[in-house]
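**Student:** Before I ask anything, let me first share the structure, which is written out below as structure tokens.
Laboratory data are not the source of any read-out in this text; all were calculated from the coordinates shown. Bear in mind that the values here come from a model prediction, so they are computed numbers and not experimental data. Cβ placement follows ideal geometry from the backbone for every residue including glycine, while neighbour counts extend to all protein chains displayed.
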Amino acid sequence: MTQAEFLKIVMPFKDKVFRLAKRLLVSTEEAEDATQEILIKLWNNKTKFEDYKNVEAFSMTMTKNFCLNKLKSKQSQNLKIVHSNYQDHNVSLQKQVELNDSLSWVERIIEDLPEQQKLVIQLRDIEQYDFDEIGKMLDMNNTAVRVTLSRARKTIREKLTNAHSYGIK
């Protein structure tokens, strides 16, 4: 496989690899390093691409495992998910402040979710993977992915509703 063929396969999902690494590692620099490591590993294993039906799912699994191993090696238990790639330039200042506040609440709520729920939310709602791909990446069956996603969304919805109702029920 030539370098051009390799880049044609890998470049479309390179940003997704970076975003997942950033979600798991928090630091932009560490995420860039992780992305580079994953791309090097993919390059070194390019002859095995024929064995994998979905190179993108394979690379996302590699990214998840690499980042989790990196976090374990640092004995870091605090994973942080930051959702900051939403911007609407056509809204009023008040609406923008409300959106930022809501995003801030969602970020804090997601931070408190169990690790598996964080990963499923990241992969499904932010990266837009389907259930089959998430199941392969996280080594879960589709039912478990759906249940985990449902529980995570329910927790986020309940906590966000409580936060916005100011304790009034």
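**Student:** As a quick test, which of the pairs LYS14/LYS46; LYS8/LYS64; LYS14/LYS70; LYS136/LYS159; LYS46/LYS118; LYS16/LYS95 have an alpha carbon distance above 27 angstrom in this structure?
**Tutor:** Listed pairs above 27 Å: LYS136/LYS159; LYS46/LYS118; LYS16/LYS95.
**Student:** Based on Cβ point charges of +1 for Lys and Arg and -1 for Asp and Glu, what charge dipole magnitude is obtained for the range 112-159 about its Cα centre, in debye rounded to the nearest 20?
**Tutor:** Its charge dipole is roughly 300 debye.
**Student:** For LYS22, list the aspartates and glutamates whose Cα falls under 13 Å from its own Cα; do not include residues on the same chain fewer than 8 positions away.
**Tutor:** GLU30, GLU32, ASP33, GLU127
**Student:** Loop-only trypsin sites (Lys or Arg not before Pro) in the range 1-69, please: DSSP not H, G, I, E or B, and at most 16 other Cβ atoms within 10 Å.
**Tutor:** Listed in order of number, the matching sites are LYS53.
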